[in-house]
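What follows is a single structure, written as structure tokens, with notes after it.
The values are calculated or read from the model by the stated rules, or taken from the named source; none is laboratory data. Owing to the predicted nature of the structure, the values given are computational and were not obtained by experimental measurement. Every residue, glycine as well, gets a Cβ built from its backbone with ideal geometry; the counts of neighbours run over all protein chains shown.
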Amino acid sequence: MRREVRDHWQELLDAERRPTERGGQVNAVLSAKKILLYATFGTAGVALAIPIVITAAVFTAGLLHEGVTTIQALLGR
């Protein structure tokens, strides 16, 4: 099992280094962050983390908006 996992990650890393057909640019299959997420949580963990991150971002934006609105109301604007 360990060897299969290692081989899988090696294939992904090799794919990043493989030049594309257009101009020899590096084909970035997975960024380092995605590799870290997959290695840490697996596919199911990443699938669960995406909606959580989106929800947190929307919630934070809502809090910031409410904070700005409150400050503007206090300042009389």
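Table: residues versus (1) surrounded by fewer than 10 Cβ atoms within 10 Å (Cβ to Cβ); (2) modelled with pLDDT under 75; (3) not in a helix (DSSP H, G or I).
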{"residue": "GLU4", "(1), (2), (3)": "yes, no, no"}
{"residue": "LEU12", "(1), (2), (3)": "no, yes, no"}
{"residue": "GLU16", "(1), (2), (3)": "no, yes, no"}
{"residue": "LYS34", "(1), (2), (3)": "no, yes, no"}
{"residue": "THR43", "(1), (2), (3)": "yes, yes, no"}
{"residue": "ALA57", "(1), (2), (3)": "no, no, no"}
{"residue": "THR60", "(1), (2), (3)": "no, no, no"}
{"residue": "GLY67", "(1), (2), (3)": "no, no, no"}
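Just need a number here: residues in segment 18-32 that are closer than 30 Å to ARG2 by Cα and either modelled with pLDDT of 70 or more or outside any strand (DSSP E or B) (or both). Count: 8.
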